[in-house]
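As structure tokens, the structure follows; a few thoughts come after it.
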Amino acid sequence: MAFDAAFTHFPRLTTDRLLLREIQPGDAEAIFAIFSDEEAMEFYGHPPHQSLDDTHGLISQIQTRYAKREGIRWGITLKDDDRVIGSCGLRKFDDGRHHAETGYELHREFWGQGLMAEAMVAILTYGFVEMGLHRVEAIIDDANTRSKSLLLKLGFSHEGTLRERYYFDGHFEHEYYYGLLKHEWERRV
């Protein structure tokens with residue numbers, strides 16, 4: 001099964017400008033630069049990292065999810081520079097492995113260059129074609145206009161809002177659900 005192959009050897013993906021690869025403990029400082037940035041983490045749903053220990057914990061969590069076949073998260077690098085500038089992935093696979101949730105973040109220095117759209121095209125194609133997914137979902141904050149714009153550009157549809165579903169930073173927030181189906185993706189690429 002194609003799904004299993006994704007967890008046998010970590011898949012490296014390439015685009016015109018990017019290499020998507022496995023995240024390693026040596027990437028901690030580069031990832032900390034993203035996850036400690038309050039503006040970059042404004043809509044992440046967790047407080048910004050305060051130390052490299054927080055980031056090492058995240059990397060360990062990413063590696064554990066991969067080992068348990070619960071998620072796959074790629075580190076995003078430029079082709080000519082191995083420094084991680086962001087990450088994106090697929091996780092929360094259902095029992096039948098028909099759908100997954102996606103998430104992503106990017107160092108602010110690289111915002112507005114179309115890099116995350118390029119990375120997401122690669123992982124969505126991988127998810128639908130190689131892993132055999134039928135559906136990919138994203139949950140965002142409606143105020144996150146950058147993320148909303150990216151999802152709509154990729155062909156996702158807003159499917160609904162769960163009111164006051166997520167408790168963070170002392171208050172309840174709405175969750176906005178977006179979805180993309182395999183046949184919708186195939187029409188786009």
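The values are calculated or read from the model by the stated rules, or taken from the named source; none is laboratory data. These numbers come from a predicted model, not from an experiment. Cβ placement follows ideal geometry from the backbone for every residue including glycine, while neighbour counts extend to all protein chains displayed.
Total residues in segment 81-105 satisfying the condition of being of a type in the set (D, E, K, R), touching a Leu at 6+ places or on another chain (Cβ under 9 Å) and assigned to a loop (DSSP other than H, G, I, E, B): the figure is 1.
Restricting 18, 52 to those that are of a type in the set (A, V, I, L, M, F, W, C), buried (at least 20 other Cβ atoms within 10 Å of the Cβ) and either under 13 Å from the mean Cα position of the chain (by Cα) or at negative phi (or both) reduces the list to 18. From the list 62, 85, the one residue that fits, being without any contact (Cβ under 8 Å) to a residue 40 or more places away in the chain, surrounded by 12 or more Cβ atoms within 10 Å (Cβ to Cβ), hydrophobic (A, V, I, L, M, F, W, C) and farther than 22 Å from residue 182 by Cα, is 62.
If you go through segment 1-50 and pick out every residue that is closer than 22 Å to residue 112 by Cα, aliphatic (A, V, I, L, M) and not in a strand (DSSP E or B), you end up with 6.
Looking only at residues of segment 155-177 that are in contact with a Phe, Trp or Tyr (Cβ under 6 Å, 6 or more places away or on another chain) and of a type in the set (D, E, K, R), we find that the one that is surrounded by the fewest Cβ atoms within 10 Å (Cβ to Cβ) is 164.
Residues to consider are 40, 33; find the one that is modelled with pLDDT under 95 and crowded, with 17+ Cβ neighbours inside 10 Å. None of the others qualify; the one that does is 40.
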